[in-house]
Amino acid sequence: MCHAVPAYDPVVGGWLRSVTLDVDGVEDMAAYPFAIPAVAALAAELALDPAVTFLVGDNGSGKSTLVEGLAVAAGFNAEGGSRNFAFTTRASTSDLHRHLRLTRPPGRPRTGYFLRSESFFNVATQIDELGGEVAGAYGSRSLHEQSHGESFQALVQNRFGPDGLYIMDEPEAALSPQGCLVLLRQMHELVTAGGQFVIATHSPLLIAYPGATVYELDGDGIEPVPFDQTGGYQMHRLFLDAPQRFLRHLFDDLP
């Protein structure tokens, strides 16, 4: 499952060891989200890396649905934030979390966070409304007063800490390539301090994190793959090697 020898000693156990779908409790496996092949595949236990697990796949493969269900089952707010956040802007969460069974070690993480890029604006608004010590924990500036990428980096820099569980949905949405590299460095510092990450992403930069477990979700289910064999990585590499060839193919039917 691991594509490289890690440059650190992995945390033994991690805060989430595995996830399983309780099929017996599902009324209709042909209904959303259970009909998604990657979700249905969770009927067999899916091991989570004690340090970093990536979920990758094309649009509609179920990675965001899965990471949302995992986060809510772990006690986080569906729109993002820490376990202390309980606001709802628009109820759109599936009931997947009600049917997921998490395997955990004894004890609890010291801290944790669910970063969901599509609803991070709502989280930042909630932080401003709470103010005081809550806002102070995110740095000296309101997240709304920073660029999208700066606010993501401020969140990780100021709010994430040792011995934490961090679930992230497409964090690269706000980050430049350089910002992704900064995030890799921040992740490594936290992993070596007892942190665990589960991340849904399209970024070929992020999934290169040394020693991470990468699962690819597709129409056949979910399988571990080396990071450089994922569809997303291969597409980026082929395009960058010969962009004009791809562009000619895309546009050759236009005048």
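Rule-based calculations on the coordinates, nothing more; no lab input. Keep in mind the model is a prediction, meaning the values are calculated, not measured. Cβ placement follows ideal geometry from the backbone for every residue including glycine, while neighbour counts extend to all protein chains displayed.
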Efficiency by 1/(1 + (r/R0)^6): what FRET value for Ser140 and Ala35, r their Cβ-Cβ distance, R0 = 45 Å, to the nearest 0.05? 0.45
Give me Rg/Rg_expected for the stretch 163-255, where Rg uses Cα atoms only and Rg_expected = 2.2 N^0.38 Å with N residues. 1.30
So for Leu206, Leu46, fewest C-beta neighbours within 10 Å to most, what's the order? Leu46, Leu206
Summing -39500 (n - 2.57) over the DSSP H runs of n ≥ 4 in the chain and dividing by its residue number, what mean residue ellipticity at 222 nm do you reach, to the nearest 500 deg cm²/dmol? -9000 deg cm²/dmol
Gain in span if fully extended, Asp241 to Arg110, counting 0.36 nm per residue against the direct Cα distance: 42.7 nm
Using the alpha-carbon centroid of each, what span in Å lies between the stretch 31-68 and the stretch 211-255? 19 Å
Ascending count of other beta-carbon atoms within 10 Å, so fewest first, for Phe239, Phe227: Phe239, Phe227
FRET E, pair Thr93, His249, Förster distance 35 Å, beta-carbon r, rounded to 0.05: 0.35
Label-to-label distance, nm, for residues given as Asp128 and Asp24 (7 Å Cα→Cβ offset): 4.9 nm
Under the classification rounded if a/c is under 1.5, otherwise prolate if a/b is larger than b/c and oblate if not, where does the chain fall, given a ≥ b ≥ c as square roots of the Cα gyration tensor eigenvalues? rounded
Which of Pro106, Pro224, Pro171 moves most in a GNM of the chain, Cα contacts under 10 Å? Pro106
